[in-house]
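Asks: Would you mind keeping the following structure in view while I ask a few things?
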Amino acid sequence: MFVMGIDPGLSATGYGLVEGGYPPIARLAGVIRTDPGATMAVRLHELFLGLTQVIEESRPDAVAVETVFTNRNLQTAIAVGRASGVALLVAARAGVNVSEYAPTAVKSAVTGDGAANKTQIQSMVARLLRLTDPPKPADAADALAIALCHLRAAPLERAR
C-alpha cells in the first residue's frame, strides 16, 4: 500500500508518502506553504493546487489526514479546519480513499506515547523509515508519521 499522510495547516501543510512493507519506505516528504499576506480564499486555493499536484504526480492508494485538534486559539483551529477540508476535498476529488486520525493516535502508533513531542516523533519516524537524519521540517515529519499510522491501522480496519 502506498499512503500519503497530510498534516493540515494554513501556513504550512506537511505531506509525506510512504510505501508499506518491511521496512516501510519514505518516497517523498515536503511542505506546501501559503502566502500569509494573501486572502483566505487565495491561500486555500494555493493549498488546493499544491495538494492536487502531489496527489496527481504520486498516485497514492490512500490518504491519511490528521484531524483537527481542540486548540485554545479559536482562529488557529478554524484555519486548520479549513486546511483539513481542502485536504479531504482534494483526496475525494482524486478518487482516493481517505482516513482521519487524531493526533494522539498518530503519536501512539509511531512512538508508543500519545503525548510524544515533535522531537520524539521526528526521531521515531527516522528510525521506522531507516532515514539517516530526522525528517525536517516538523510538518513533513508529522505527515510521514500520519502515513505510518495508517499503514498500521489499515489492516485492522479491513478486518472489521
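What follows draws every value from the coordinates through simple rules; no lab data is involved. The structure presented is a predicted model; accordingly, all values stated were derived computationally and were not measured. Please note: Cβ atoms are built from the backbone with ideal geometry, for glycine as well, and neighbour counts cover all protein chains shown.
Asks: Using alpha carbons only, how many angstrom separate the centre of region 98-115 from the centre of region 16-63?
Replies: 19
Asks: Write down the percent of antiparallel bridges among all DSSP beta bridges whose residues are both part of the chain, to the nearest 5. If you can, show how the numbers build up before the last one.
Replies: Details: 14 of 23 bridges.
Antiparallel: roughly 60 percent of the beta bridges in the chain.
Asks: Here is a further query. Would you mind telling me which residue in Ala92, Ala109, Ala79 has the biggest mean-square fluctuation in a Gaussian network model of the chain, where springs connect alpha carbons within a distance under 10 angstrom?
Replies: Top of the fluctuation ranking is Ala92.
Asks: Which of the trypsin sites (Lys or Arg not before Pro) found in region 60-119 are loop residues per DSSP with 12 or fewer other Cβ atoms within 10 Å of their Cβ?
Replies: Values: sites: Arg72, Arg82, Arg93, Lys107, Lys118; in loops: Arg72.
Passing sites in region 60-119 are Arg72.
Asks: Another one. Describe numerically, in nm with one decimal, the distance between label points set 7 Å from Cα along Cα→Cβ at Ile25 and at Ala92.
Replies: That separation, rounded to one decimal, is 3.3 nm.
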